[in-house]
1. Just checking, does segment B:430-443 include any residue being assigned to a helix (DSSP H, G or I), open to solvent by 60 Å² or more (accessible area, probe 1.4 Å) and within 14 Å of another protein chain (Cβ to nearest Cβ)?
2. For segment B:414-454, what are the residues that are under 19 Å from B:T244 (Cβ atoms) and touching a residue at least 60 places away in the same chain (Cβ under 8 Å)?
3. Give segment A:42-70 a look and list any residue that's at the interface with chain B (Cβ under 8 Å from one of its Cβ atoms) and either touching a Cys at 6+ places or on another chain (Cβ under 7 Å) or open to solvent by 40 Å² or more (accessible area, probe 1.4 Å) (or both), or say none.
4. Is it the case, given these coordinates, that B:K26 is without any contact (Cβ under 8 Å) to a residue 40 or more places away in the chain and more than 13 Å from every other protein chain (Cβ to nearest Cβ)?
5. When you check B:K479 against the structure, is it at pLDDT 90 or above, open to solvent by 40 Å² or more (accessible area, probe 1.4 Å) and either within 28 Å of B:F128 (Cβ to Cβ) or of a type in the set (D, E, K, R) (or both), yes or no?
6. Give B:L36, B:L19, B:L2 a once-over and let me know the one that is farther than 27 Å from B:G321 by Cβ and among the aliphatic types (A, V, I, L, M).
7. Collect the residues in segment B:444-459 that are surrounded by fewer than 14 Cβ atoms within 10 Å (Cβ to Cβ), of a type in the set (A, V, I, L, M, F, W, C) and within 13 Å of chain A (Cβ to nearest Cβ), keeping them in residue-number order.
8. Name every residue in segment B:92-109 that is open to solvent by 10 Å² or more (accessible area, probe 1.4 Å) and not small (G, A, S), in order of residue number.
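The values are calculated or read from the model by the stated rules, or taken from the named source; none is laboratory data. Please read all numbers here as calculations on a predicted model, not as lab measurements. Methodologically, a virtual Cβ is constructed for each residue, glycine included, from the backbone with ideal geometry; neighbour enumeration extends over all protein chains shown. The area values use the complete protein model at the heavy-atom level, side chains included, leaving out ligands, DNA and RNA. Shrake-Rupley method; radii C 1.70, N 1.55, O 1.52, S 1.80 Å.
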Amino acid sequence: MLNFDWLSGISQETAKLIFFGLYFLIGALVLMLPNDYVYEGIAKEDRHWWNNLKLWSLAVLAVLASVYYQF
Amino acid sequence: MLSGIDYFIVIAYIVGMLLLGLYFKKFVSSSEDYFLGGKSLPFWAIGMSIVVSDIGALDFVGVSGQAYRYGIAVGNFDWVGSVPAMLLAAFIFIPYFWRGGMYTIPEYLGRRYNKSVRTIASATWILFFALDLGVLFWASAVLLNVLMGWPIWISILSTAGVVGLYTYFGGITAVIMTDVVQMIIMFIGGFALVFLSLDAVGGWENMVEKIGAMGPEYQSHFDIIRPIDTKSPFPWTGILFGLTFVMANAYMIGNQSIVQRCLTAKNEWHAKASMIFGSALKMFIPILVLFPGLMAVVVHPNLADGDQALPMMIKTILPPGLVGLMFAAFFAGLMSSVDSLLNSTATLFTKDIYEPFIKKNADDQHYLKVGQITTLVLLGLGVATAPMSSDFPGIYVAIQTFMSYFQGPLFAILLLGIFWKRSTQWGGLSALVIGIGFAIFLNVFKAGFFTIEDPFLYISWWSFLLAFIINVVVSLMTKKHTKAELDGLVFSSKILTQTSSINKTL
């Protein structure tokens, strides 16, 4: 049990899909964050799209997913 | 030994770091300046500092060696083993720590649970960090001894002198700003090696083809996901459960030297952005440390020890000048690890041990002095214990292994502490103690429980799970905390929707 042998029926391809599912889930959760929360610390009049940390996070997740797609 | 130009580059680098670090002395006039950089630092500096502190010279050699033996699966540690955890830290944990005005992770645990949890967590970190210092001093001395020809003791004292001086005077600001330069040097040196190595193996496609043709044991060298029955330490279940769910989060959320950097940010946006920017930079780390190991499979097949992969590539691929730069990059990794340990340990001792137990309510200058003196004492301790690494060659691995016992239980109490208001002080304390004990038990009897080579990922998962369950069960049986005791310490949707007003109440 401690060796996760109960998951031995899952193939490498399916396991990879689980990782992609995780990235998708994280991306969806990030998108659900309120905009005011991700900009907190920057005055309302100084907020620009490039300060939007949701975009930063999604970009990082996209690169991560493409690395796992490649390998 | 280095050539003249390499020698010049290394000396210029060491002197430059000393002068740069000492420049930041003028910004230190209070304990907040010393431990938290006066809460004035920008995200890009903090993000770069997180990355360079995380990757040391020992990792450069070790990861290349593992890539030589096991292939690209080693990259999981910097890809899935960092990015999700850093996003969770950025959006959930760091805002709480930052808004609460905290200096240390154990300080949060003390407020959320009790003083005993705070003291156990802090004392454990202090012990590990102090032991690590001696190992790092020895590693840097060996590097200087081999390449520059300096005697071991001169090498140890010169490393301690340079890093100690700027950390003593400049505090965390000097640590972070020197880290910025160190990261740039590390990236330049690392990428130079990768591009020249790629050229030497005839390009990426050629390398993949050659490695694939080397025999059945190399067939899965480019598979990032490994099956459960792999003999390598990286089955996908270990990567998902042990690394992604536990160790990565414990490291990015519970490690004082990482989190303390984010707490130096000038505002909450910079604190969050520093983690996300750091996660973007982390994605490049496998290219720097893993790819040379892969290319060494083609250039130097049949190496008896995989850890020789990187030194051999440097020796055969890099021209004079770039060898010096690569050595400076190695040294940068070591220096950034040492300065982080010095400053974080001084912060833990001053805030979690000295202030609550030895002298309460002293003036701020007193705590500043204590932090500086602690830095000096640690420096002396590190120098004195450095030769232990020569007598006990496995000590670095032993320290890292012992550290991993702590990660699962620590993350369990942090997670429940912030997300479950019913979690009590006795739940947290028993989970920490029993969880660490269980991890040690599993490691001692690992041959009877596990089938893979080194089951540290599995051990971290199971010790996390047991600590989690213990925390829940004991908490349900003990008296819950009052609403006032939990104010500002437990996650609430209010933090997402009423940001500015919450800020005022914390």
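1. Yes, some residue in segment B:430-443 is assigned to a helix (DSSP H, G or I), open to solvent by 60 Å² or more (accessible area, probe 1.4 Å) and within 14 Å of another protein chain (Cβ to nearest Cβ).
2. Matches in segment B:414-454: B:L414, B:L415, B:I418, B:F419, B:I452, B:D454.
3. Selection gives A:W56, A:A59, A:V63.
4. Criteria met by B:K26.
5. Against the criterion (at pLDDT 90 or above, open to solvent by 40 Å² or more (accessible area, probe 1.4 Å) and either within 28 Å of B:F128 (Cβ to Cβ) or of a type in the set (D, E, K, R) (or both)), B:K479 qualifies.
6. Checking each option against the conditions leaves just B:L36.
7. B:F445, B:A447 - these are the residues of segment B:444-459 that are surrounded by fewer than 14 Cβ atoms within 10 Å (Cβ to Cβ), of a type in the set (A, V, I, L, M, F, W, C) and within 13 Å of chain A (Cβ to nearest Cβ).
8. Once the filter is applied, which keeps residues that are open to solvent by 10 Å² or more (accessible area, probe 1.4 Å) and not small (G, A, S), segment B:92-109 yields B:I92, B:Y96, B:W98, B:R99, B:Y103, B:E107.
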